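Single-structure report; data block below.
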Amino acid sequence: MIITILYYLLVAYVASLMIWNILKSKKWQEEVLYVIVLVPFLLRLLRLK
Amino acid sequence: MNRGRQMLRKILILALGLVLAFFSGLSFYRSRHLKEPVVLGPGVTQVKKLSEYFPAIRGSTNDANVYVMAGAKPGGSILILGASHPEEPAGRLTTWILTENAAVEQGRLFVLNSANRSGTTVTRLGGAYPADYTIRTAWGEQKFRTGDRWSNPLDQWPDPEVYIHYPTRQELAYMDIRNLNRTWPGRPNGTLTEKTCYALTQLIKEEKVDIVIDLHEAELQYPVISTIVAHQKGQDLAALASMMISAEEFNIGMENSPKALRGLSHREIGDNTGAISLLFETPEPFLDATRGRTDARLLLEGKDEFVVRAGKHGLLYEKIDDKGWPIDIRVGRHCSTIIQVLDLWSQDHADKAVVMKNVPKYNEVVQKGVGAFLRDPAKAAPKTVYYE
């Protein structure tokens, strides 16, 4: 159970990194890429997939 | 570009991502929570929960329904497992036919339509599986979750680097810690999948089950196909059933359960309980690595030109042609094999006989289709409708 919680925290951390990258990026292509990477992390955080 | 326009662009791109997450999430949620009705047939005398045999799984995804059919005359006990691997639908549909049609005259039949219910709530990650499939009936259509080979990571995550089987300590593939057919006999303080096997083992022991039948399907590129895999305690029974069925209905082989391969039902149930353990395999081209489009049509019709081509190159362990391996044939094989095993067992063990009626044999399922044996939940009394 503790390991599962740690993994969810890791997922939240990576998701926040993606959002940070979107905010810092200057190219729209990179922003789209970060959003696409973000989606599965969000779905796991929300316990949908 | 000024900062304001840049920020607007970022917000728009993020919003698009959220819309994508919303609709995909909605699709996954609906699929996970699809209700599959089971209309209790004339033989069902009791519906128990698996947690009655091991309370630690109460309220979990895998606290499955256990359909009990008890005959008026005492006899033996048989347990039939569907959805050990949920993406092998012939096994699961066979359990539906049993729970909705079978009548037991002697002995007891225990049926689980969703042995690994968690595995029915997810499809293969990255596999582009259809979320569900539909069986046509005379009264309409019934939808079933496609499922996967492994428990849903939402119920059990993360996987270890190496899965060490309990209690033998054999090292197995990491994801197989979520594989119900690699975690027998189970562990009371283990993962959800291990606890589920432990609960099933307790059921087998407490109910003094004589035979456990685990229903599966296999890819045509896998050598263990169209066969009964038997623990050594069930060798004679499986061999005789194989001979009788091959002579009268269709070709089916018999294989011995390997003693060195741990965690499988046909090995561990036989080793750790008083029951004989048998595992049935039918051909399912949907599972072949060389398949084409992985859709519900392939799942149900079993037609695939690439698998046929693999056969022409001698890469398969079962025949296939343009007719494929339709679901009616696969379910019919399971039905007939169950009937034959029960008949042979009952002939040799009069005091432990299990006499079952109203279950169609191979020819009848092929002729009428699986849908002919599914009952309409809308026309059934509400108290006779359960959900998987």
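Since every read-out is calculated from the coordinates, none of them should be taken as a lab result. These numbers come from a predicted model, not from an experiment. When we count neighbours, we look across all protein chains shown, and the Cβ atoms used for this are built from the backbone with ideal geometry, even at glycine.
So, in the stretch B:6-47, of the ones that are of a type in the set (D, E, K, R) and away from chain A (no Cβ under 11 Å), which residue ends up farthest from A:P40 (Cα to Cα)?
Our first condition is that a residue be of a type in the set (D, E, K, R); within the stretch B:6-47, this holds for B:9-10, B:30, B:32, B:35-36.
Filter once more, so that each one left must be away from chain A (no Cβ under 11 Å): B:35-36.
Values: B:K35: 25, B:E36: 27 Å.
Looking at residues that are of a type in the set (D, E, K, R) and away from chain A (no Cβ under 11 Å), I get B:E36.
Can you confirm whether the stretch B:226-240 contains a residue that is in a loop (DSSP other than H, G, I, E, B), free of Cβ contacts under 8 Å to residues at least 60 places away in the same chain, farther than 30 Å from B:G371 by Cβ and basic (K, R)?
Start the filter on the stretch B:226-240 by keeping residues that are in a loop (DSSP other than H, G, I, E, B), which leaves B:226, B:231.
Now restrict to residues that are free of Cβ contacts under 8 Å to residues at least 60 places away in the same chain: B:231.
The next check asks that each one be farther than 30 Å from B:G371 by Cβ; those that pass are B:231.
Cutting the leftovers down to basic (K, R) gives us none.
Checked the stretch B:226-240: no residue is in a loop (DSSP other than H, G, I, E, B), free of Cβ contacts under 8 Å to residues at least 60 places away in the same chain, farther than 30 Å from B:G371 by Cβ and basic (K, R).
Looking at B:S84, B:S24, B:S31, B:S51, can you tell me which residue is of a type in the set (S, T, Y) and either under 26 Å from B:A378 (Cβ atoms) or assigned to a strand (DSSP E or B) (or both)? Working first, answer last.
Details: B:S84 fails: either under 26 Å from B:A378 (Cβ atoms) or assigned to a strand (DSSP E or B) (or both); B:S24 fails: either under 26 Å from B:A378 (Cβ atoms) or assigned to a strand (DSSP E or B) (or both); B:S51 fails: either under 26 Å from B:A378 (Cβ atoms) or assigned to a strand (DSSP E or B) (or both).
Checking each option against the conditions leaves just B:S31.
Could you tell me how many of the residues in the stretch B:361-388 are charged (D, E, K, R) and assigned to a helix (DSSP H, G or I)? Break it down stepwise before answering.
The first filter runs over the stretch B:361-388 and keeps only residues charged (D, E, K, R), leaving B:361, B:364, B:368, B:375-376, B:379, B:383, B:388.
Narrowing the set further to residues that are assigned to a helix (DSSP H, G or I) leaves B:364, B:368, B:379, B:383.
Matching residues across the stretch B:361-388 total 4.
Go through B:G17, B:G4 for me and flag whichever is among the small types (G, A, S) and surrounded by fewer than 16 Cβ atoms within 10 Å (Cβ to Cβ).
On the way: B:G17 fails: surrounded by fewer than 16 Cβ atoms within 10 Å (Cβ to Cβ).
Result: B:G4 is the single residue among B:G17, B:G4 that is among the small types (G, A, S) and surrounded by fewer than 16 Cβ atoms within 10 Å (Cβ to Cβ).
Quick check on the stretch B:102-114. Is at least one of its residues farther than 28 Å from B:I211 by Cβ and either more than 14 Å from chain A (Cβ to nearest Cβ) or not basic (K, R) (or both)? Can you show your working first?
Taking the stretch B:102-114 first, the residues farther than 28 Å from B:I211 by Cβ are none.
No, the stretch B:102-114 has no match at all.
I'm checking my understanding of the structure. Among residues of the stretch A:33-49 that are touching a residue at least 24 places away in the same chain (Cβ under 8 Å) and either under 18 Å from B:R30 (Cα atoms) or surrounded by fewer than 19 Cβ atoms within 10 Å (Cβ to Cβ) (or both), which one is nearest to the chain's Cα centre (by Cα)?
Here is the first cut: in the stretch A:33-49, the residues touching a residue at least 24 places away in the same chain (Cβ under 8 Å) are A:41-42, A:44-45.
So of that shortlist, the ones also either under 18 Å from B:R30 (Cα atoms) or surrounded by fewer than 19 Cβ atoms within 10 Å (Cβ to Cβ) (or both) come out as A:42, A:44-45.
Details: A:L42: 6, A:R44: 9, A:L45: 9 Å.
Ranking the candidates gives A:L42 first.
Condition first: free of Cβ contacts under 8 Å to residues at least 24 places away in the same chain, assigned to a loop (DSSP other than H, G, I, E, B), of a type in the set (K, R) and closer than 25 Å to B:T384 by Cα. Can you find one or more residues in the stretch B:55-74 that meet it?
For the stretch B:55-74, residues free of Cβ contacts under 8 Å to residues at least 24 places away in the same chain, assigned to a loop (DSSP other than H, G, I, E, B), of a type in the set (K, R) and closer than 25 Å to B:T384 by Cα: present.
For A:K49, which of the numbered conditions (1) in a helix (DSSP H, G or I); (2) facing chain B (nearest Cβ under 9 Å) fails to hold?
(1)
Condition first: among the small types (G, A, S) and touching a His at 6+ places or on another chain (Cβ under 9 Å). Can you find one or more residues in the stretch B:276-286 that meet it?
From the stretch B:276-286, those among the small types (G, A, S) are B:277; that's our starting set.
The next check asks that each one be touching a His at 6+ places or on another chain (Cβ under 9 Å); those that pass are B:277.
Yes, that holds for at least one residue.
Name every residue in the stretch B:27-44 that is surrounded by 15 or more Cβ atoms within 10 Å (Cβ to Cβ) and among the polar types (S, T, N, Q), in order of residue number.
B:S31
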